[in-house]
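Asker: The structure is given below, and queries will be raised subsequently.
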Amino acid sequence: VVEELHLQGHLSIEMPKIGCMIEMPSAVMSIRSIANASDFLSIGTNDLIQYSLGVERSDTILHRHFHPVHPSILRMIAVVIKECTLQGKPLSICGELASSSLVLPLLIGLGIREISCAPLYIPLVKRTIRNLSYREAARQAQKALALTTSLEIRELILNF
């Protein structure tokens, strides 16, 4: 369409940036090629957690198995951050995890620099970031990646 518009004389129209939401484990496993084909990316934590753990967060029967800080979730987020950093691609994170004052320090410690959240959470996110030591967040994030259960990670987060 941009090429057609250029042929019609609309030369000021530029090709739009192409982005990708990383919301499926298969997207994490294909992150190198997805990042290569994208101008920017965002990790959609709500769907990534649901599709990775096989538990919908609103399921009242299985909700006890919905662990947002499951080790596999943190490791997948770390993989995406690493690849986007290597390729110099802007990366943001969205979903409930991104606006959690308890989890946000780990995400920042892993390398997240852009956060998308509902306006309601902006003051909480700002306060969390302002009161954060990046060095300590990075140290805690590395500890979290080495843990093997959601319970251990929750304990680390609560103590931090």
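Bear in mind these aren't lab numbers, they're just calculated from the coordinates by the rules spelled out. Fair warning: this is a prediction, and the values are worked out from it, not measured in the lab. With ideal geometry, Cβ positions are generated from the backbone for all residues, glycine too; neighbour counts draw on all protein chains shown.
Asker: Could you give P(r) for region 93-160, binned at 10 Å from zero, as whole percent values over all Cα-Cα pairs?
Answerer: Each 10 Å bin holds this share of Cα pairs: 22, 55, 23, 1.
Asker: Report the charge-dipole magnitude of region 84-160 in Debye, nearest 20, computed about the Cα centre from +1 at each Lys and Arg Cβ and -1 at each Asp and Glu Cβ.
Answerer: Working: 9 positive and 5 negative charges, 55 e Å.
Charge dipole of region 84-160: 260 debye, to the nearest 20.
Asker: Counting only Cα atoms, I'd like the Rg/Rh figure for the chain, Kirkwood definition for Rh.
Answerer: Details: Rg = 17.8 Å, Rh = 16.9 Å.
Computed over Cα atoms, the ratio is 1.05.
Asker: What ³J(HN,Hα) values, in whole Hz, does the Karplus curve 6.51 cos²θ - 1.76 cosθ + 1.60 give for region 133-142 when θ = phi - 60°, with x put for Gly and Pro?
Answerer: 8, 4, 4, 5, 4, 5, 5, 5, 5, 5
Asker: Quick one: Karplus J couplings for region 99-108, per residue in order, coefficients 6.51, -1.76, 1.60, θ = phi - 60°, nearest Hz, x for Gly and Pro?
Answerer: 10, 8, 5, 7, 8, 3, x, 5, 4, 5
Asker: To the nearest 20 debye, what charge dipole does the chain have about its Cα centre, counting +1 at the Cβ of each Lys and Arg and -1 at the Cβ of each Asp and Glu?
Answerer: The dipole of the chain has a size of about 760 debye.
Asker: For the chain, which longest stretch is free of loop sites, where a loop site is one of the trypsin sites (Lys or Arg not before Pro) that DSSP puts outside H, G, I, E and B and that has at most 15 other Cβ atoms within 10 Å?
Answerer: For trypsin sites (Lys or Arg not before Pro) (loop position, at most 15 other Cβ atoms within 10 Å), the longest site-free span of the chain is 58-112.
Asker: Using modelled backbone amide H atoms (1.01 Å from N, in-plane), which distant-in-sequence or interchain residues come within less than 5 Å of ILE43's amide H?
Answerer: It is ILE22, SER92, ILE93, CYS94, by chain and number.
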